[in-house]
Amino acid sequence: MTTCRKLIAVLFFATNAAQAVDYESTIAALQADARASNLALRGAQLDVAAASAALDQAQAGFRPIVSLSARYSRARGGRVQSLPVGDLVNPAYRTLNELLRAQGQAARFSDIANQEIAFLREREQDTRLSLSQPIYAPAIGAGIRTARAGVEVADAGRDALARRLDRDVEVAYLDFLSACEAIQIVEASATLLVENQRVNQVLFDNGKVTLDQVLRAKAEVLAVEQQTFDATNQLELAQSYLNFLLNRDLDHTIERVATPEPGALARRTLGSLASALDATDNARFEAKGLTQRDELRQLDAATRASQARLDVQRAAYKPTLAFAMDAGIQGESYGFGSGENYAIASVVLNWTVFDFGARHAAVSAAAAQLEAAETERQDLANRIALDVRQAADRLRTALRSLDTANARRIAAEEGFRIASKKRDAGSIAQVEFIDARTALTSAELNDNLTRFSALVRLAELSAALAIPTQGAQP
């Protein structure tokens, strides 16, 4: 018991001064902190950034591309073409020289060697600027629509994760508050039962009671000690899980605030929908969920992406038209001028006429993916409607249980008050007094569990309806 009390003292040291802090403001602040620091949500934000970059890349497909390329080559060997110029011209030159000598003149013509022309230049350079601009390319537009839908998918997925994070943060904080109050209830019972065990031991030592009453008192103390261990463990689990969601040290101290009244908080949170809760009007809740849930928005975007991918595959049946231009210099050395500068402009048409069914197969696959996305969207809508209905029904049941749990606690308090007076007057057995105290502890724990169960159910319904939380924006 000593270790548990030390832990409880540490956990409550920084919380007692915060009892008056508003619950809703505290939840909003915790949710805002979680959205700013949670690693899973940060990863989802990076997915959005990656999808945005993919959209920029797709949009660049309509813009011209300018590139610079330069090539300098040294070659040796390769094919050679022989030209017998000497064999063809030299006999005529010799005849002319003989005629000149016969006239007393000097020979004027020298022999010419045969020529060899290499197909590879020993040195060559080619430096050019190339420009290409799509004129008609239907696949590019469909690709842009696909990328834009991908951004919407990532954005909606991030928002859906943020809503779930809001719910988990509130539920974890409610579990923390519930464990705190459970420990207080059990500790109050433990103090009384420890004193009762001491009194019974004194009475037994003086021969006033039998040993069975001492053993019964000891058993009750041990039972409360076990309850304290369980409640303390629940407190540690709730504390560590909430700190995990907030991406901070698992032992970080959590401030405790006063617990709101579930019915009043439900009316404030649900607003005009609170009347639907009282009237068991699930249709209004379902309609709200189907218009607000980010998961549906995500699948709507995924369906548009599947349609755009289908358009990409269908675009393969159409021709593409582009403009291309090259300008640069060529030669054995670098220089500008006639014989070195060149420019080429082209209009390029590309149209696949026959591909043995490859495009048809790709279109069929994309159409199947689109149908699968539409089916998944309808299934999700049905699941959201069921989720909302179940959450509303669970909240109604929890709220209706509040009065019963409170009445049980009041009755147990009155029974224990009467048993205490009888004990003081010596007109009640110790067993009956312990039973009255046990009943009170059980009723207090049940009332505590019922109140926090209603608050948890409210948080779950708020998440199912995607009701915006105060101060926590995606």
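FYI, it's all coordinate maths here, none of it is from the lab. Everything numeric in this text was worked out from a predicted model, so none of it was measured. Using ideal geometry, Cβ is built from the backbone for each residue, glycine included, and neighbour counts are taken over all protein chains shown.
Worth pointing out:
- Its relative contact order, with pairs defined as Cα atoms under 8 Å and 6+ residues apart, puts the range 78-134 at 46 percent.
- At most 11 other Cβ within 10 Å, DSSP loop - trypsin sites (Lys or Arg not before Pro), the range 102-209: ARG108, LYS208
- Two-decimal Rg to Rh for the range 141-231 - Kirkwood Rh, Cα set: 1.59
- The range 319-335 residues near the modelled ILE344 label - backbone nitrogen below 13 Å, point 7 Å along Cα→Cβ: 324-330
- Evaluating kT/(6 pi eta Rh) at 25 °C and 0.890 mPa s, with the Kirkwood radius of the range 56-195 over Cα pairs in the Stokes-Einstein relation, gives 93 µm² s⁻¹.
- Chymotrypsin sites (Phe, Trp or Tyr not before Pro), loop per DSSP, at most 14 other Cβ atoms within 10 Å - longest free stretch of the chain: 120-333
- Rounded to 10°, Cα long-axis angle of helix 138-205 versus longest principal axis of the chain: 20 degrees
- Length-normalised contact order of the range 73-210 in % [C-alpha pairs under 8 Å, at least 6 apart]: 22 percent
- Positive-end residue, the chain charge dipole about Cα centroid, Cβ charges, pick of GLY263, THR397, LEU321: LEU321
- ARG267/GLU195 FRET efficiency (R0 41 Å; Cβ-Cβ; nearest 0.05): 0.45
- Relative contact order for the chain, counting Cα pairs under 8 Å that sit 6 or more residues apart, in percent: 24 percent
- With only Cα atoms counted, the chain has Rg and Dmax values of 43.7, 169 Å.
- The equivalent ellipsoid of the range 310-355 has semi-axes of 38, 9, 9 Å, largest first, where each one is the square root of 5 times an eigenvalue of the Cα gyration tensor.
- Signed unit charges on C-beta, dipole axis of the chain, positive-most listed residue ALA439, ALA53, ALA301: ALA53
- Paramagnetic reach from ALA411 (point 7 Å along Cα→Cβ, amide N under 18 Å) across the range 427-469: 435-451
- Exposed loop positions in the chain were taken to be GluC sites (Glu not before Pro) whose DSSP state is not H, G, I, E or B and which have at most 16 other beta-carbon atoms within 10 angstrom. Between these positions, the longest stretch is 341-474.
- Charge dipole of the range 91-208 about the Cα centre (unit charges at C-beta), most positive-ward option of ASN97, PRO138, VAL169: ASN97
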